[in-house]
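Trainee: Structure below; questions to follow.
None of the figures in this text is laboratory data; all of them are computed from the coordinates on show. Predicted, not measured: the structure shown is a model, and the values here were computed from it. Please note: Cβ atoms are built from the backbone with ideal geometry, for glycine as well, and neighbour counts cover all protein chains shown.
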Amino acid sequence: VLEKLALLLVDQVGCAAEMSDERPLDDLNLTPDDRAELAFTLGEFYGVEIPEDALENFEFVEDIVGSIEDRL
């Protein structure tokens, strides 16, 4: 999941820096729309749904990864 997320970040928002689970999402300068698009794209790819209220509480890359992995 982390590898797919890293690829999406490079593709969608131009984040080329090394990705780790502990990286704060604020460091990536993601807008709320960017976060929603990433969650939707990952959800579609893995066949899961990430609730919007959960999405708003994500602070770190690991929050997104963990949410998807918990739903798999």
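Trainee: Which GluC sites (Glu not before Pro) does region 31-72 hold that lie in a coil by DSSP with at most 15 other beta carbons within 10 Å?
Mentor: On the way: sites: Glu37, Glu44, Glu49, Glu52, Glu56, Glu59, Glu62, Glu69; in loops: Glu49, Glu59.
Hits after loop and neighbour filter: Glu49, Glu59.
Trainee: Determine the gain in length on full extension of the stretch Glu37-Glu69; use 0.36 nm per residue of separation and subtract their C-alpha separation, reporting nm with one decimal.
Mentor: So the extension gain works out to 9.7 nm.
Trainee: Okay, moving on. Cβ neighbours within 10 Å, averaged per peptide: list 26-34, 6-14 in order, most packed at the top.
Mentor: 6-14, 26-34
Trainee: Now for a separate question. Could you list which residues have their amide H under 5 Å from that of Phe60, counting only those 5 or more apart in sequence or on another chain, with H placed in the peptide plane?
Mentor: Leu25
Trainee: Any idea what the relative contact order of the chain is, in percent, if you count C-alpha pairs under 8 Å spaced at least 6 apart?
Mentor: Relative contact order, the chain: 39 percent.
Trainee: Show that you can apply the helix-only estimate: for the chain, add -39,500 (n - 2.57) for every DSSP H stretch of four or more residues, divide by all residues, and state [θ] at 222 nm to the nearest 500.
Mentor: Taken over the chain, the calculation gives -18500 deg cm²/dmol.
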